[in-house]
Amino acid sequence: MKVKRATIHAYWLMFIASVITVSIVTSSQLITDRIGLLLDRQASELLAADLLIESSNEFSSDYRAQAQRDGLQVSQSVSLRSAIFVDDNPSLIALKAVDANYPLRGKLETAGEMTGDRQVTTEIPARGEVWVDSKLASLVGSRLQLGEQSFAASRLITYEPDRGGAIFNLAPRVLMNHEDLASTGLVVPGSRVKYRLMFAGAAADVGRFKIWLMINIKPGEEIQDLENARPEMRRALERTRKFFALAIVLTLVIAMAAIAITARYTATQEAPKVAMLRAFGISQISLLKYYLRQLGALWVTATLVGIAIGWFTQFPLQWVLDGWFGKALPQVNSLRPYLTAALVGLLALAGFSLPYLVNVTATPPMQVLRTVVNSRSWLRGLSISASAIIAVFAVLMLLMQSSLLAVATLALVLACALILPLLLGWMVRALLVSSQRRFWLRQYLLSRLRATSRGAIYVMSGFSLVLIAILLIAVVKDELIGEWQTQLPEGIPNYFLINIRSEDVGGIEAFLRQRGIEASTPYALVRARMTQINAVDVDKIDFRDPRAAHSVTHTFNVTHAEELPDQNQIVAGEWLSDNDDLAQVSVEQGLAERLELEVGDRLTMAVGSQPLEARVSSIRSVLWENFKPNFYLIANAELIESFPQTWLLSALIADSDKADLKQLLQRYPSVTLLDISELMARVRAIVDRASVALQFFFLFALASAVIVLLAAIQTGRHEREVESSLLRALSASSGQLYRVHILEYTLMGALIGFFSAAFATVAGWALSEYFFDIEFQLSARVWIYSLVSATLVFSLAGTLVSRRVYNVSPMKVLRS
Amino acid sequence: MAENNLCIALNQVAKTVDTPEGKLDILDNISLQVEYQEAVVIKGASGSGKTTLLGLMAGLDQASSGDILLLGHNLMQKNEEQRAAIRSGQVGFVFQSFHLVQGASAVQNVMLPLELSGIGDAQARALASLQQVGLESRRDTLVEHLSGGEQQRVAIARAYATRPRILFADEPTGNLDATTGRQIADLMFALRDQSGTTLVLVTHETELLERGDRQILIESGRLVSDG
């Protein structure tokens, strides 16, 4: 009767653990799919479409026809470089002609003048008009000659969703109506023109069309992705996705730890029953079939309940996010989240419980007569570990689709899972050896922890794993996002002042200083184009990366800096020095990768018609999202000084000071102002969104941790009751009983807290260093939270358990 | 029988428990007396109530009615905490399933009741007790690594370490083979002879039954014979 009751209890815990796993997967899949859609839309805004193709030739009408058959909206644009005259000086511009559907994703924002109010618009310039960006702000209200046609510059573009590249590295934008393009006569055979076809529609339709496109695309035509979007936005979106991936993996680890602990407990409870059945001649195969049926029934029920719970739990997050962003999360109409959850439940249940149950079916029938002390064989341990690893790996691959982050997280988790029992066992043994003279109370406590029959070391390891996962989510949530936010604090420069003439630098600095406006160090800029790498013409080099072709036609702003700029890091080579016969240049890491540049390579560039030669002295990582002046190329001062330069600086200009900007522009007419506050606000919104969603996963993780705790308490309950009963029979007082239980749990909590903090610190460092490019700072909070929460939770649990255990009659020891 | 020589006295003791089917009488109207240094053996069929009787005599459980005197204390007026204090240092136990603390060594197991009772020099006394049962060479071995017979020896050493006035044993040879069982029985009675401890044991084993000074037969919760 007792066995039956215990078995039902054991299955019940395993059932709850499975329900939690399935509901976590359902909920996280639904939520991440929905947040993913939101992020995709944000990403689409960066392309102004869901998908686009680009070519230097006009596209066949087949593309448009097929896209329309697939139910997609289509828009086209033509971009080209041209020149306009500003105050009789020729100025290079980036002209873009768009049709009425532009942009398919995101919205244009315009203003009447530089300091005027911004308006979101769904319009494009009317025929005969153009819109210009802030670099040409002075032209608003005047007329502009483009080729053979004159246009009225009617508005200022303050936000263009698909404007790629680094902020101040771009030629001024002139946006016109596509229907006016032919009249300018600018597009003639041989012109360097970029044609774009943009598509948008339902995800499934876009997916179908993309497959068609990949089959039918012609040479010279290219499908564009986020790589060409603004680096600040792209990095923010990519990092957010990584945060989510990590949070899901860690939450799942917790849920699976719960299944593992409860499966072990179930197996222990089943052993006497199996011994009895085997003594009666029931074969191992029959027993295995019996348990498979039990597991199957448990999985089906847990899946149904888990999916229902998961479905409901997506709503609290939706309410929170809706409230925060004023936008509803997009709906997901797919069975995939539910099927994934069911499959993960099956994998976790089978991976963690089958080896234990197979083991249980091998319980020797002799156990029915007496306890057979059977130390765990290597083979048995190996089969359990291998099965668990395969299950975790399969789940991660299913959910993360071979993401490197998921694999790395798995490696970390496995390392923890393998090392923790060894470390905890070693620690307990070390403490045991330190004193032999007295047994009660410390040695008694440690003996209890060491006794394999109670599985305390495994429970502690399981709970440590859970706590490590929770701490890592907390680290990601607080430390990493916090660090990210500090990289993007309030009050950083929101304007770039570019095209400053050398003779105006001092005057502009003084102008800003007089008005209390904070400004950065001015940077000298020389515009240069890459011509040769190691004396080979760039157009003759066959680059592996297709993006290289764009980079070699790009005009770069080469600057000089005495010291490595803030939040730049040398990843190879040495910072600039004057000790070389050739000038030196430091290259941004991404550009170096695209152009396959290495330290020591010789670059030849053209500044107008003059050559500029330099040797690559270092390769640098750049934190693009910090909105500071960031550069692809930084060279020696002498090199820059030998060419005509303009200057750049960034400044924090409050709304109240914006009136002074007009004065500045009047006094220094060559200066162009770039307002980046809108872009900064968008990146900040992504960070905030990530933070709120992670909070939700944190709550889920805590809920699973409670189940692990219950399982942990349940696991040793029977043994604890018998031990209490024995201590009672040996005349222990209730005070002694209380003390032993509370201290045992406190000791467990302290050990768990200590090791969890240590592992979480190492794992947090590894993740921030290798996956998030965020500087890791040792957090005292992680140690405090870990030690205090584990000790407190376990001693409270111990107190609650002791209430029951200390009331156990000493007669139990006679009856057991 | 002199009143002051009584180690245990039961007067019209009954034990009733609640079951889903209603009240169930486990023991009914039991009266018996055990003198100091006596060796009393309780026998009976399975389910007859002999383990319950042992538990009541040792103060491990509370009777439903009647009076129980243990070492001069009326257990019916004591709660579990007070009964534990009476047992402390004066009562020893040997169980069928040994009930040793897993993860602890032989000597640590023997030290446990000594330290719980606040008896000084626990280690030296535990070692002496282990020597008496012939296990001094296994003092630091974890109990789960000992054989069944050795484990029961540790349990006996633990029971005698506090030099109790009474030793209660519940089927002490029940989990052992015949030869080991005989050795354990020899050991228990040898130690009892040395120490003069009162012995109350429940058993089916003929060997043990014959060694007792008295045999008490319990059938269906009633005392059938005593002598």
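The values are calculated or read from the model by the stated rules, or taken from the named source; none is laboratory data. Treat the numbers as computed from the prediction; the structure is a model and nothing was measured. Please note: Cβ atoms are built from the backbone with ideal geometry, for glycine as well, and neighbour counts cover all protein chains shown. Areas reflect the complete protein model, heavy atoms only, side chains present, ligands, DNA and RNA absent. Shrake-Rupley method; radii C 1.70, N 1.55, O 1.52, S 1.80 Å.
Just a few scattered comments:
- Yes/no for B:Leu176 being within 13 Å of chain A (Cβ to nearest Cβ), modelled with pLDDT of 90 or more and touching a helix residue (DSSP H, G or I) at 6+ places or on another chain (Cβ under 9 Å): no
- B:Leu127 being more than 7 Å from chain A (Cβ to nearest Cβ) and surrounded by fewer than 23 Cβ atoms within 10 Å (Cβ to Cβ): yes
- Answer residue from segment A:258-281, given it is open to solvent by 10 Å² or more (accessible area, probe 1.4 Å) and under 21 Å from A:Ser18 (Cα atoms) and is modelled with the highest pLDDT among those: A:Ala260
- Residue list for segment A:574-590, filter: in a strand (DSSP E or B) and over 29 Å from the mean Cα position of the chain (by Cα): A:Gln584, A:Val585
- The residue pairs whose first member lies in segment A:758-779 and is outside the structural domain of A:Gly590 (by TED's automatic domain parsing) and of a type in the set (Phe, Trp, Tyr), whose second member is modelled with pLDDT of 75 or more and open to solvent by 100 Å² or more (accessible area, probe 1.4 Å), and whose beta carbons are closer than 7 Å, counting only pairs six or more residues apart or on different chains, are A:Phe776/A:Trp765.
- Count - residues of segment B:5-59 that are free of Cβ contacts under 8 Å to residues at least 12 places away in the same chain and in contact with a Leu (Cβ under 6 Å, 6 or more places away or on another chain): 2
- Single condition A:Ser731 does not satisfy, out of (1) open to solvent by less than 50 Å² (accessible area, probe 1.4 Å); (2) at pLDDT below 80; (3) in contact with an Asp or Glu (Cβ under 9 Å, 6 or more places away or on another chain): (3)
- Scope segment A:117-139; condition over 36 Å from the mean Cα position of the chain (by Cα) and under 14 Å from A:Leu673 (Cα atoms); matching residues: A:Leu136, A:Ala137, A:Ser138, A:Leu139
- Scanning segment A:542-553 for residues that are of a type outside the set (Phe, Trp, Tyr) and in contact with a helix residue (DSSP H, G or I) (Cβ under 8 Å, 6 or more places away or on another chain), we see that the one that is most open to solvent (accessible area, probe 1.4 Å) is A:His550.
- Residue selected from segment B:135-161 under the condition open to solvent by 50 Å² or more (accessible area, probe 1.4 Å) and either under 21 Å from the mean Cα position of the chain (by Cα) or not polar (S, T, N, Q) (or both), by the criterion farthest from the other protein chains (Cβ to nearest Cβ): B:Arg153
- Test: residue in segment A:125-138 that is part of a loop (DSSP other than H, G, I, E, B), open to solvent by 40 Å² or more (accessible area, probe 1.4 Å) and at pLDDT below 90: no
- One residue from A:Leu747, A:Leu792 being farther than 30 Å from B:Val94 by Cβ and away from every other protein chain (no Cβ under 14 Å): A:Leu792
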